[in-house]
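Engineer: Let me begin by handing over the structure; questions about it come next.
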Amino acid sequence: MKTGKQFLALTLGLLLVLGLFAGCQQEKAPATEPSTEPVTEPVTEAPTEAPTEEPTEAPTEATEPATEPEDAVTNVFLQEPEGFFVDTTTGFLRAPGFPDDMSYISVIPTPQNTAVLDMSAEQYEAAMKLSLAAMGQDAEATVESVSQLTMSGATFYITDYQIVASQNYSITFADATADGAWADAFDQAAASIDLLKEGETATADFSDLAKYDLSCGLSLSAMEGLAEVETEEESGYDGYMESDDVLFFAVHDTKEELLEAGYSKLSLEQYGKLVSEAYELDAFSTDNLGNLYVTDTDTTDSGEIFYYFTVVQGTDGFWTCYFACYNDLMPYYVSAFSIWASSITVP
């Protein structure tokens, strides 16, 4: 999510480190020199000098190599309410009724290991005005309390979650409806928040999605309104579904077909590399839900199309699956495609 223009931060980051070092220097007593006064009695013993101390160096402390904190957080997962979409200008998740419904969700990271401070209403209002001015916005911001914000005539009721870890996050749910219509959905979204360490993946909630069992044996959960459509064998697709806005394609490469092509043993990553070469895509990578995926756009006679590709391993070979929509609709579906892809099961 883009964070460069996000400005509704409810926290201040502060990290103050003060080191005071003091050293002391020891003086060494001078060695005793032999007496120059004449002696009246014969000297029977050789004169002795005071023992000279060897100079000593101040002990140095061993410097341990810097290590990553045990709770090193690399990302955060949040499953937004259905219909919320990414505002590519601000990075906010906007309500489906935007701009009539100004409700939003923001996820704002703050620097590693900084302290998160509570803000007064006055401090929050000052921060809002500074942020708006920096962005060249004319909107006026009035903060009555840290849980209520009025901006450009809209009143927002704020629920803010401050997450303090090796990477801090301020996650804000702002309900602009008069009757708190998003309260339950925001509570459910907040419950999905998952801080991810290196190598960890989140688990999406499919309970509000429709379940589809395709004739090719593949199953997935997605929005309601998709319908399976039979395709000709020549099309090359083993599974196909469509709705007014979204298309879904599935291609099954069996072990026998791969063997005939000269591939006896492949890992999922190796298969993904073959797919990226065949479709002229960028390299696959892993998203927050563990999908091996890549996105792409293509200009067709119908317009610019956005694609979300994923690859899945089954008991008999591999599957290439991808979702498609008009690029203008990408902000509405990019998160959903990731969730739907993570639900795919194949025989």
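Engineer: With labels modelled as points extended 7 Å from the Cα through the Cβ direction, what inter-label distance (nm, one decimal) is found for T74 paired with D205?
Structural biologist: My value for the distance between the label points is 2.6 nm.
Engineer: Let me ask another. Could you give the nm distance between label points at S267 and E230, where each point is 7 Å from its Cα heading toward the beta carbon?
Structural biologist: 4.2 nm
Engineer: Between S219 and S147, what is 0.36 nm times their sequence separation minus the Cα-Cα distance? Round to one decimal in nm.
Structural biologist: On the way: separation 72, 0.36 × 72 = 25.92 nm, distance 4.28 nm.
Contour length minus the Cα-Cα distance gives 21.6 nm.
Engineer: Given labels modelled 7 Å from the Cα in the Cβ direction, how far is it in nm from L259 to D244?
Structural biologist: 4.8 nm
Engineer: Want the number for D100 to I193: 0.36 nm per residue separation, take away the alpha-carbon distance, what's left?
Structural biologist: Details: separation 93, 0.36 × 93 = 33.48 nm, distance 2.70 nm.
Separation in residues times 0.36 nm, less the Cα-Cα distance, equals 30.8 nm.
Engineer: Taking R0 as 30 Å, what's the FRET efficiency between Q162 and A283 from their Cβ-Cβ distance, rounded to 0.05? Working shown, then result.
Structural biologist: Numbers: r = 36 Å, r/R0 = 1.19.
It comes out at approximately 0.25.
Every number in this text was worked out from the coordinates using simple rules, so none of it is lab data. Values in this document were obtained by computation on a predicted structure and should not be read as measured data. FYI the Cβ positions are ideal-geometry reconstructions off the backbone, even for glycines, and counts take in every protein chain you see.
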